[in-house]
Amino acid sequence: MSIVTVQLGQCGNQIGHEVFSALCSDSRGTHGLCSKKENESYQESCKERFFCEEESGVPVARAVLVDMEPKVISHTLSMAASSGHWKYSSHSHFCQKQGSGNNWANGHSVHGPRHKEAIMELVQKEAEKCDRLGGFFTIMSMAGGTGSGLGAFVTQCLRDAFPSSFLLNHVIWPYGTGEVIVQNYNSVLTLSHLYHSADALLVHENDVIHKICAQLMNIKQISFRDVNQVIAHQLGSVFQPTHTAGGGSGYSRNPLGDLLEALVPHPEFRMLGLRNIPQMPESSLPYSTFTWPGLTKHLRQILIAHAPMEEGIDWQVQPPPPGSSTNKALHFNTSIANLVILRGKDVHSADLGSFQDPSLYTSWLNPQDAFSAWRTPRAFNKYEKSASLVSNSQFLLKPLDSIVGKAWNMFASKAYLHQYTKFGIQEEDFLDCFTTLEQVISSYTNL
């Protein structure tokens, strides 16, 4: 089944480009460390998911690019074409001359309705090119105006136009210190709207990725491109083909459906966090060896100690002993559902029993149902062995609480509200959004 990616705003388009580049370079690589037959079926499966063939033989990304200013899209199109390995279709982008000025209301209530038909027609055409449509993957930021405001609007349009398709939003969480004065407003409005229309939100926090660039990748002057490449690597480690537990011998045919079935058992809980290990500069790879027991032990501790990466994990945090459900251990991260994806050599020897420990999960789900594992002997992106964790857990509780708190303080003093009301977003709309997110916070807190 094929996935149509919708890239929204500057951030969405830049990350989308890095994602397709990572997928393409991984599937073209000869570093698969697996049988030729395995490698060929992996490449075939990747192509069907993310690319369609043109007569020229160059794979074309199944993507729609949307932005309210032309600069980023034209740069993205030309960068993809100049790689020579893949490109975007010349007819699947939409841009205008003026941006949304970091104003969510402008993106959502002005640009959205005005350009709805043109954007949805591009999406429809892209969907019709798929033999079987597996769903939509949207990429956007929460802080600005186009990605967040127009992004939330387009997500709702996708839900209305394709009610039975899977819809996964990839959302970039802004830096805590902030790039935009109204980013907390924009974030609250975006999250609450997406919560009503998307099947799940897969979130990357800029602060966490920045730390990975600095501490694991040893990058001195970190650019947005460095951050985006780490995000793309992590997304590729989830979306490249794998064998699911009950999927027979072939690669999984329905990546979005499998992901959502594994991780979203209840509509109240749709926030997914992603962790991936190991991550290091390419120059260090030849000098590094990894074992499955080592990787899985670190990944489990990252999960329960709520760590952003494998460096500096708090090894003191342990699951609460059985029977002590009333008093959850401090700092312990309770999960609803987890998915571990292993790629590489001897992958079937890896033991993931430690992830089925009932004390990791909320009491209302059987640990057997709450944990899934996907594996493939084909290595990913030059790493001999790598492991990813997609987790529906309390990972995002603190940042969510903090963003809602900051936005509420501004709202209480009516700061900057006039910038939203002039585009038709009233105080009641803000209050509805706060209510939605307070409910989400309370649900995750009470796990």
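Go through the residues of the range 195-210 one by one and say whether even a single one is charged (D, E, K, R), touching a residue at least 12 places away in the same chain (Cβ under 8 Å) and in contact with a Cys (Cβ under 8 Å, 6 or more places away or on another chain). No, that holds for no residue.
How many of the residues making up the range 129-174 are at pLDDT below 90 and either open to solvent by 40 Å² or more (accessible area, probe 1.4 Å) or polar (S, T, N, Q) (or both)? Here the count works out to 1.
Restricting the range 368-381 to residues that are touching a residue at least 60 places away in the same chain (Cβ under 8 Å) and touching a helix residue (DSSP H, G or I) at 6+ places or on another chain (Cβ under 6 Å), the residue that is farthest from LEU33 (Cα to Cα) is SER372.
Yes/no matrix, rows are residues, columns are (1) in a strand (DSSP E or B); (2) under 30 Å from the mean Cα position of the chain (by Cα); (3) on the phi > 0 side of the Ramachandran plot:
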site	(1), (2), (3)
ALA387	yes, yes, no
ASN392	yes, yes, no
LEU396	no, yes, no
ILE403	no, yes, no
ALA407	no, yes, no
MET410	no, yes, no
LYS414	no, no, yes
TYR420	no, yes, no
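In the range 207-311, counting only helices (runs of 4 or more DSSP H) that sit wholly within it, the ones holding 1 or more residues that are in the same structural domain as ARG132 (by the TED database) span 224-239, 255-263.
Going by the structure shown, is TRP364 closer than 27 Å to HIS170 by Cα, of a type in the set (Phe, Trp, Tyr) and outside any helix (DSSP H, G or I)? No, not satisfied. The set of residues from the range 211-245 being open to solvent by less than 10 Å² (accessible area, probe 1.4 Å) and either polar (S, T, N, Q) or free of Cβ contacts under 8 Å to residues at least 12 places away in the same chain (or both) comprises GLN234, SER237, GLN240, THR242.
For VAL72, the conditions (1) within 22 Å of the chain's Cα centre (by Cα); (2) within 18 Å of ASN169 (Cβ to Cβ); (3) assigned to a helix (DSSP H, G or I) all hold with the exception of (2).
Here GLY57 meets the list (1) among the small types (Gly, Ala, Ser); (2) free of Cβ contacts under 8 Å to residues at least 40 places away in the same chain; (3) open to solvent by less than 10 Å² (accessible area, probe 1.4 Å) almost entirely, failing just condition (3).
Just one of the listed residues (ILE222, ILE277) is closer than 18 Å to PRO377 by Cα and either at pLDDT 95 or above or among the hydrophobic types (A, V, I, L, M, F, W, C) (or both), namely ILE277. Scanning the range 98-119 for residues that are buried (at least 19 other Cβ atoms within 10 Å of the Cβ), modelled with pLDDT under 90 and over 16 Å from ILE73 (Cβ atoms) gives ASN102, ASN103.
The values are calculated or read from the model by the stated rules, or taken from the named source; none is laboratory data. The shown structure was predicted, so the numbers you read here are calculated from the model rather than taken from an experiment. Methodologically, a virtual Cβ is constructed for each residue, glycine included, from the backbone with ideal geometry; neighbour enumeration extends over all protein chains shown. Heads up: the accessible areas ignore ligands, DNA and RNA and are worked out on the full protein's heavy atoms, side chains in. Shrake-Rupley method; radii C 1.70, N 1.55, O 1.52, S 1.80 Å.
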